[in-house]
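Comments concern the structure below.
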């Protein structure tokens, strides 16, 4: 057991918690370690985050191992209980509980730590720790968690000499040297974007942020700010590099990893992008579809055009009107000429619509539709009653039911009456008595037949009217009424036909029923006949027999008679 | 080793004599149910015993649980254990259920009365932890609410130079289990007394009372009443044996065979 150091050699395997107490209490050897990134934990009371972790060496006879404790736990000592412990595990120290008291805490703590240090390379699990400890599992758990968090157990120090660090527990590191950012939790370099929080001075890469690997209980996702790191500006490809690239592609074909290795200076995406951008690149191998993240396709000219177009479109596309945005989008896609012609056609159609209003029925129905669906209200002065509940007729002519039948109403300041034939208001002088139709119309009806269409058209055209729509109105309404009558006629025709059909059908049905009955009866009759048949046969037989018998009787009788005759003759002869 | 057994007897018998002389009828203190150890009422440490056998994995464990701990600890404890021991995840629910069941059982006794008068109870230890077998019988004073099984266990192990650290907690849990048993029995005894109206005689004649009475018989008469009879010495001292692995193997086999036979008998009994 050669041991150079003056300290007493402790046994590598600690049996009871009391032993290491005596031995390690004597050792607190501080060594200045090599350069390593800083270590910090914000809520440490005393030591601030400056240089380096501490090393406490505990040479043992067989194997010398060093136990490394992070700087923020430098307050730890075997004999004493530090303020930190008192603060963070108050239940052991407030005297409220008899099982949890300072001595039991110390026992547990020292036991756990010495158990860990007996095998510093392997991680001490909670279950293993509690096995050899006397006490309730809750207390053991608390002490264990505390020690693990503070790196007094299960703590492996960072490897020295590397940029990236292996973080365990609550360690966070940030490398400020180059512009490169390193994630504090996983140690990977953050290239695209990273999330920083000022609260804990941490930087997380996108993966860790998504995984919510915050390393600190108090943080939430809201604390993190996103920092987009620009891609490093790539210097232009030199000819040499391009040559290398082409050679590599010739050699390896589509294996981009090997190509990248060959070219040596560029990441994979760069190689691919450059290759695709080469003017004659398509000659060798077709344009690759694997590379994503690059919207540029083909040559640079089209790129430019597209980008310019996009720029030009942007004012339209930004319009708050979504329809306009869509139109802009569609026109961009379709091309300028097509868009132009389409627009022109649309405009002309719209204008034609306006021009064809008077003669075109379809447009008229549109108008009627408009009339129907615009908020209708009665046109009588002072009556603005809503006509939504009235019939179409009332709605169309903008008069409520009451006023259509009223004898006098005020429209536009003049006394008028609604004429049911013309479907409009006339001055009161146009009406005779209390008639509901104006004089003109009645005359036409009575003397010139029922459908005075053209006359009404003429009269309406010749009579003075205020607006075009008022002139056209009776024409339109007449035509509408014609339509309606036609429809009614058709309807009545169809009704009649329907009824006749029904009649025929019912007759058919009744005949069928009769047929069925007849068939049934026939069957019955046949059945009866069948029944009777044997009887008939029997009777016939009987008769036949009787006849036979009668003949027999007759023959015997004849025989008898003949014999009688013979006897008689005989006797007479004798006599 | 012998001294401890003798010493135990000494303390117990002197106290017993005192009390016996002081009052003919034992002073009965009716208190709320609790573990007769030194913790305060809310945070009794109760023994938890787990023995689960699923999917060809066997998990056997016994530990102390602080009743004061929040119930969330049950689940996290179960998860941690399953993770550490690499058991299949179905164990988590079984373990937590079992623990909660035992906790609830303990809590169900809470608030009921138990009569604890001076009872000196013999506790037995007969356990095997890894390679160490510990057998012991000693007397324990139930009415001593300052008693601490943990301390006893630690002292025992230290005195006997028990190498395996896992023995001490097993001893502590075993002691606690027996104390728990006795406490529950005293509660039921109270119920019986109330129902049967046996009067004071009823519970005095119960197990503990027998022991207390027997103590005087334990020790020799003729004045040297503090020393056990010689023939009882071997029984009452702790014995610690360290077995080799083979012996452990044979022991396990015997145990399992025995258990199987018991199960068979049980089944046949139930069927028949």
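What to note about this one:
- Residue in region A:115-155 that is farthest from the chain's Cα centre (by Cα), counting only those that are surrounded by fewer than 23 Cβ atoms within 10 Å (Cβ to Cβ) and in contact (Cβ under 8 Å) with a residue 60 or more places away in the chain: A:118
- With respect to (1) in contact (Cβ under 8 Å) with a residue 40 or more places away in the chain; (2) part of a loop (DSSP other than H, G, I, E, B); (3) under 29 Å from residue B:79 (Cβ atoms), the lone exception for residue A:77 is condition (3).
To keep it simple, each residue is scored yes or no on (1) at pLDDT 80 or above; (2) out of contact with any helix residue (DSSP H, G or I) (no Cβ under 6 Å at 6 or more places or on another chain); (3) within 14 Å of another protein chain (Cβ to nearest Cβ); (4) farther than 23 Å from residue B:158 by Cβ.
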site: A:96; (1), (2), (3), (4): no, yes, yes, yes
site: A:108; (1), (2), (3), (4): yes, no, yes, no
site: A:142; (1), (2), (3), (4): yes, yes, yes, yes
site: A:151; (1), (2), (3), (4): yes, no, no, yes
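- Residue selection: residue B:16 fails the criterion of being modelled with pLDDT under 85, within 21 Å of residue B:182 (Cβ to Cβ), within 11 Å of chain A (Cβ to nearest Cβ) and not in a strand (DSSP E or B).
- Residue A:319 part of a loop (DSSP other than H, G, I, E, B) and at pLDDT below 80: yes
- When residue B:91 is tested against (1) away from chain A (no Cβ under 11 Å); (2) surrounded by 15 or more Cβ atoms within 10 Å (Cβ to Cβ); (3) closer than 30 Å to residue B:236 by Cα, just one condition goes unmet, and that condition is (3).
- One residue stands out in region A:80-94 among those that are in contact (Cβ under 8 Å) with a residue 12 or more places away in the chain and either outside any loop (DSSP other than H, G, I, E, B) or within 58 Å of the chain's Cα centre (by Cα) (or both): the one that is farthest from the other protein chains (Cβ to nearest Cβ), namely A:83.
- Among the residues of region B:62-81, the ones that are facing chain A (nearest Cβ under 9 Å) and assigned to a strand (DSSP E or B) come to 4 in all.
Okay, residues lined up against (1) crowded, with 20+ Cβ neighbours inside 10 Å; (2) out of contact with any strand residue (DSSP E or B) (no Cβ under 6 Å at 6 or more places or on another chain); (3) at the interface with chain A (Cβ under 9 Å from one of its Cβ atoms):
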residue: B:131; (1), (2), (3): no, no, no
residue: B:136; (1), (2), (3): yes, no, no
residue: B:150; (1), (2), (3): yes, yes, yes
residue: B:168; (1), (2), (3): yes, yes, yes
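- Matching residues, region A:339-365, being surrounded by 12 or more Cβ atoms within 10 Å (Cβ to Cβ), in a helix (DSSP H, G or I) and at pLDDT below 65: A:361, A:363, A:364, A:365
- Considering region A:122-139, the residues that are outside any helix (DSSP H, G or I) and at the interface with chain B (Cβ under 7 Å from one of its Cβ atoms) include one that is farthest from residue B:67 (Cα to Cα), namely A:125.
Here's the yes/no breakdown for (1) modelled with pLDDT under 65; (2) surrounded by 14 or more Cβ atoms within 10 Å (Cβ to Cβ); (3) within 14 Å of chain A (Cβ to nearest Cβ); (4) in contact with a strand residue (DSSP E or B) (Cβ under 7 Å, 6 or more places away or on another chain):
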residue: B:146; (1), (2), (3), (4): no, no, yes, no
residue: B:173; (1), (2), (3), (4): no, yes, yes, yes
residue: B:183; (1), (2), (3), (4): no, yes, no, yes
residue: B:199; (1), (2), (3), (4): yes, no, no, no
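- Test: residue in region A:229-249 that is at pLDDT below 65, more than 15 Å from residue A:277 (Cβ to Cβ) and in a helix (DSSP H, G or I): no
The values are calculated or read from the model by the stated rules, or taken from the named source; none is laboratory data. Keep in mind the model is a prediction, meaning the values are calculated, not measured. Positions of Cβ are backbone-derived with ideal geometry, glycine not excepted, and every protein chain shown enters the neighbour counts.
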